[in-house]
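The values are calculated or read from the model by the stated rules, or taken from the named source; none is laboratory data. As the structure is a prediction and not an experimental result, all values here were calculated from the model. Every residue, glycine among them, receives a Cβ derived from its backbone with ideal geometry; neighbour counts consider all protein chains shown. Protein only, heavy atoms only, side chains kept; ligands, DNA and RNA dropped before computing areas. Shrake-Rupley method; radii C 1.70, N 1.55, O 1.52, S 1.80 Å.
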Amino acid sequence: MTNLELGLWSFPVLLLLIFLRMPIGLAMLVVGFCGSWIVGGSTMMIMAKLKSETYTTFSSYSLSIVPLFLLMGQFATLGGMSQSLFKAAEVWLGHRKGGVAMAAVGACAGFGAICGSSLATAATMGQVALPELRRYGYSGALASGTLAAGGTLGILIPPSVILVIYAILTEQNIAKLFVAAFVPGILAAIGYMITISIYVRLKPDSAGIRERVSYRERFLVLSEVWPVLLIFLLVVGGIYGGWFTPTEGAAVGAAGTGLVALFNGGMTWRSFSESILATASATAMIFLIVLGAGIYNGFLALTQVPQEAAAWVTDQGFAPMAVLIIILVFYLLMGCVMDSLSMILLTIPIFYPIVIQLDFGMSVEDFSIWFGILALIVVEVGLITPPVGMNLFIINSMAKTSIPIRETFVGVLPFVASDLIRVVILVLFPVLTLGLLRVF
Amino acid sequence: QEVTLRMEHFLPAQANVPKLILEPWAKAVEEESSGRIAIEIYPSMQLGGTPPELINQTRDGVIDISWYVVGYKPGLFPRTEVFEQPFIMKNAEATSRAFWRLFEKEMRDTEFKDFKVLATWVHGPGLFHTDEPIQSVEDLNGMKIRGGSRSVNALLTELGAEPVGMPAPSVPEALSKGVIDGAAVPWDVVPSIKVAELIGNHTEFGTPALYTLTFVLVMNKDRYESLPDDLKDVIDANSGIELSGFAGRTQAASDAPARQAAKERGNTVTVLEGEALQGFKDAAEPVIDAWVADIDSKGLDGAALLDEAETLIDEENEWLEAGNVSSGPLESTAD
Amino acid sequence: MAGGIVLVLLTIMTCVSIIGRAGIEYGLRPVKGDFELIEAGVAFSIFAFLPWCQLRRAHATVDLFTSGLPPRVNRFIDLLSEIVMTVALLIITWRLYHGMMDKLGYHETTFILQFPVWWGYAAAFIPAVISCIISVYMVGVRIGELSNKKPVETGGTIH
Ligand code: NA
Ligand code: NA
């Protein structure tokens, strides 16, 4: 078997292990290890590499942003920011048809602005909003669909862990990616709200009505959400404005949300250690995947698969748009069964060299940012596409059997449709992604 | 082919060093071995790991050949730092050849004993690229400047600046946001990191240069030893003092066009001389003293190394001035 | 938990450093070598987080295709995964030890603070050993679970 064939065969083997429920990071580690062993003729090479690979991966300055953003999201939950956001959104939007669901989407967007993870957003907002939605008579399908979809705003609206990983893999500027993600993230929130209003018009019995609230009260509640806005502006603005590095920005965010939690009494020793432990297990999981992907991609490079694939696509002379669409569709399909971070780590080293050679009439940097945002969105759709969508499981498990998983699966479909429409719009109009970068 | 050698480096394939030095070298080796050696080049750290780990990966045989910035691992190759001291480097080609000779004499059996070193070189004169003009040492006071190695950072500190460590690709962003006030890099990297577009002042120091950085092209020793003798000969014929001189000259040759382009943009290029220059030399003196003391503390003789390096640089400079030139890859068979 | 404390300390240190840098005009100074401290500290934290993730069974998995299989088969698959994980952790820890000896032998130091790189490796080595012990323990737990008839819990994921 040539090295190239070996590289190609490693894909089905890897998928087999993953589908046999081996932890994804471990599966990549094992396949990458054995592959390098075969290519190298002995374990000498890969063993020597492992002397420093684990430590340098875990001690990467740019990756240290990941646990800090996770910590920031955890502290934001302790600080009760999810409640105040939802309350504020509720008094402004709640009286409309489907208004409480719209409020949940709005609160998810707000929470996404201080939380870098989709799952944490879904979990936090689910806890706050699910009981309220049920109280006002929202159907299980609409309530769980809304929250699962709203959770993805945690990663679409900056800061975002996946964008950090993409930026590191493609050597792009994290701050610019965050700014570029902003408009598509807002579009997502608007799209979800439109989806809700269409949904409740088609199925009027799926949502109840909440009474109107006076404007005085509305503005009063608004005054409680200023820490969220302040921290978001400080973190994203500070990173983009060059006051500090992305890692420092994440540290500032974690300190900011931590202080808020401390001041409003959300931070007890017990809740503090719980957030630390939640950060710990999520961080360990992510870094195992990063390490596995590093070993696996190193092996792939040895077999020349990425190089050959890029050369092959160039030689075929496909239309650039066709290649882009094929890749996005591939992500959507993979997203039905795989986790988004693993997908990015696994595929960007292969796809990026391919797409970077295609001519879309924009600079390499612009293209990298645009492609990153598109990839982020289609990968995130995977979080809410049945049958494997982590957000769906999270929200559904919160409902404690009061909502059958089938209902959640059905309820999320309109939101998936909204996502797909948004992808098409963003592909057709790159200016929506890149425009904000021109303004500042 | 019989042997496939894997070479890895951290720059994109189209950058100057890979395009003008590493690829021609690989091609020369492949051709002169009549295709019995194949060299696969992996740019941009494709095989994983970080640039500073390249040297360990080469020593351990993870990769066969790598191009390495010596300053990445302070302390690992203390003697090489003699060429990074302020106002030592006179001409990149001559200094690269001197580096090779000092390497053969002092380093081959000591700090590089675990490697097969193929070439040693330095980049062209390092200089300051800043927002505000620099006319004297005092102007540098409190400026946040990006430096590229332990020696450069020590120099910046001594000159009163605040050294900031960051990879070269982050420089444009940091400059445009005011995170740093300037950068110390040679001219040849200026176009690729768009420095001339972002700042208006370039401060040169004439000859000898303010500083330079050292590079090595290294091969795994066991891998080299395992080659049949005739293939070893091919490698040997294409490495050593000539390749070193060629690499230094080639890298420095990219300086002039970049300098010209900056001038054409209307940027100010100041060449310090007289009192202002002397001010920098005086301020830099403690850096050299501190380095000598540090080297002495490692049981070596810093002052002697410094003398030796300066003598070798002068000798090679004379050799160049006599009209000689280092032969590059694919030229060596001609002479 | 120790890893978490280190992470919080790093957060505070970074903020102090930013304030110090912002106040250069007023005579303040950023924390010297803050980048290097973060790198070493985060490496320690992540090694320290590994055993916890392991205990919580929080590693990301795909259980779409195995959920239809009988619990016994799933338990067996879990046991195999756990054994592979243990072997992987043992190799990682063993290599980390050799990496540490390398850094010690070659006197590698960091860029700014110039503290020996092997300190960072040594700090990471301790939690790595703990990970191995916990992993072996988890293999034992899985063996004990083989006879259990309850359905298996799903793994975690984030983002
Ligand atoms: Na976010
Ligand atoms: Na999915």
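Taken along the Cα-to-beta-carbon direction at a fixed 7 Å, the label points for A:Arg270 and C:Leu9 span 2.7 nm.
Taken over the alpha carbons of the stretch A:223-291 as equal point scatterers, the Debye sum produces base-10 log I(q)/I(0) values at 0.16, 0.22, 0.28 Å⁻¹ of -0.71, -1.02, -1.09.
The simple spin-label model puts a point 7 Å past each Cα toward its Cβ; for B:Glu104 and A:Leu420 those points are separated by 7.1 nm.
Projected over all directions and averaged, the alpha-carbon convex hull of the stretch A:1-126 occupies 11.5 nm². For B:Lys27, a cut-off of 17 angstrom between C-alpha atoms picks up these lysines, skipping any fewer than 8 places away in its own chain: B:Lys19, B:Lys232.
Its Cα gyration tensor gives the stretch A:268-362 an equivalent ellipsoid, and the semi-axes of that ellipsoid, as √(5λ) in whole Å with the largest first, are 35, 16, 11. Estimated from helical segments only, the mean residue ellipticity of chain C at 222 nm is -24500 deg cm²/dmol, where each DSSP H run of four or more residues counts as -39500 (n - 2.57). Pairwise Cα separations in the stretch B:199-335 fall into 10 Å bins from 0 onward with the following percentages, short to long: 9, 24, 31, 25, 9, 2. With all pairs of different C-alpha atoms in the average, the Kirkwood value for the hydrodynamic radius of the stretch B:71-126 is 11.7 Å.
Taken over the C-alpha atoms, the stretch B:117-172 has Rg and Dmax values of 12.9, 42 angstrom. Counting only DSSP H runs of at least 4 residues, each contributing -39500 (n - 2.57), and dividing by the residue count of chain B, the helix-based mean residue ellipticity at 222 nm comes to -11500 deg cm²/dmol.
With loop membership from DSSP and a limit of 11 other Cβ atoms within 10 Å, the longest segment of chain B without GluC sites (Glu not before Pro) is B:3-272. On a per residue basis, the stretch A:318-396 carries 28 Å² of accessible surface, using protein heavy atoms and a 1.4 Å probe. Given chain A, what whole percent of its Cα pairs are spread farther than 36 Å? Everything past 36 Å amounts to 27 percent.
Around the amide H of B:Phe10, modelled in the peptide plane, lie the amide H atoms of B:Ser44, B:Met45, all under 5 Å away and 5 or more residues distant in sequence or on another chain. Computed from the Cβ-Cβ distance with R0 of 25 Å, the FRET efficiency linking B:Ser176 to C:Ala22 stands at 0.85. Computed with a 1.4 angstrom probe on protein heavy atoms, the B-A interface buries about 1500 square angstrom of accessible area in total.
When you restrict to C-alpha pairs under 8 Å that are six or more residues apart and normalise by the size of the stretch B:148-291, the relative contact order lands at 39 percent. Summed for both chains, how many Å² of accessible area, to the nearest 100, are buried between C and A with a 1.4 Å probe? Summed over both sides, the interface buries about 5500 Å². Comparing B:Gly206, B:Gly49, B:Gly142 in a Gaussian network model of chain B where C-alpha atoms under 10 Å apart are linked, the largest mean-square fluctuation is found at B:Gly49. Using the alpha-carbon positions of the protein assembly as shown, Rg (one decimal) and Dmax (whole number) come out as 29.1, 95 Å. Between B:Gln278 and B:Glu264, the modelled labels are 3.9 nm apart [label points 7 Å from Cα along Cα→Cβ]. With all projection directions averaged, the alpha carbon convex hull of the stretch B:79-235 covers 10.3 nm². Under the criterion of Cα pairs below 8 Å and six or more residues apart, the relative contact order for the stretch C:2-148 equals 30 percent.
Once you reduce the stretch B:107-151 and the stretch A:258-330 to the center of their Cα atoms, the two points are 35 Å from each other. Solvent-accessible surface of the stretch C:2-148, taken per residue with a 1.4 Å probe and all protein chains present: 45 Å². Computed from the Kirkwood radius of its Cα pairs, the Stokes-Einstein diffusion coefficient for the stretch C:2-148 at 10 °C and 1.306 mPa s stands at 89 µm²/s. The stretch A:207-223 and the stretch A:384-440 have Cα centres separated by 27 Å.
Considering every Cα-Cα pair within the stretch B:211-284, what fraction, in whole percent, is farther apart than 14 Å? That tail contains 77 percent of the Cα-Cα pairs.
Given R₀ = 41 Å, what would the calculated FRET efficiency be for A:Phe330 paired with C:Trp94, taking r from the Cβ atoms and rounding to 0.05? The value I calculate is 0.60. Distance from the alpha carbon centroid of the stretch B:70-84 to that of the stretch C:35-97 works out to 39 angstrom.
Round to a whole number: what % of the accessible area of the protein assembly as shown belongs to carbon and sulfur, probe 1.4 Å? Within the protein assembly as shown, the accessible surface is 63 percent carbon and sulfur.
Hey, which of these cross-link pairs are over 18 Å Cα-Cα: A:Lys97/A:Lys203; A:Lys97/A:Lys400; A:Lys87/A:Lys203; B:Lys73/B:Lys221; A:Lys51/C:Lys103? In this structure, A:Lys97/A:Lys400; A:Lys87/A:Lys203; B:Lys73/B:Lys221 lie more than 18 Å apart at Cα. Using helices alone, I'd like the mean residue ellipticity at 222 nm for chain A: each DSSP H run of four-plus residues gives -39500 (n - 2.57), total over residue count, nearest 500. Helix-only estimate at 222 nm: -25000 deg cm²/dmol. In terms of its Cα atoms, chain B spans 59, 41, 41 Å along the principal axes, sorted from long to short. At a Förster radius of 41 Å, what calculated FRET efficiency corresponds to the Cβ-Cβ distance of A:Met321 and B:Ala38, to the nearest 0.05? Step by step, r from the Cβ atoms, then E = 0.65. Pull out a ≥ b ≥ c, the square roots of the eigenvalues of the alpha-carbon gyration tensor of the stretch A:195-251, then state rounded if a/c is under 1.5, prolate if not and a/b is larger than b/c, and oblate in the remaining case. Because a/c hits 1.5 or more and a/b fails to exceed b/c, the stretch A:195-251 counts as oblate.
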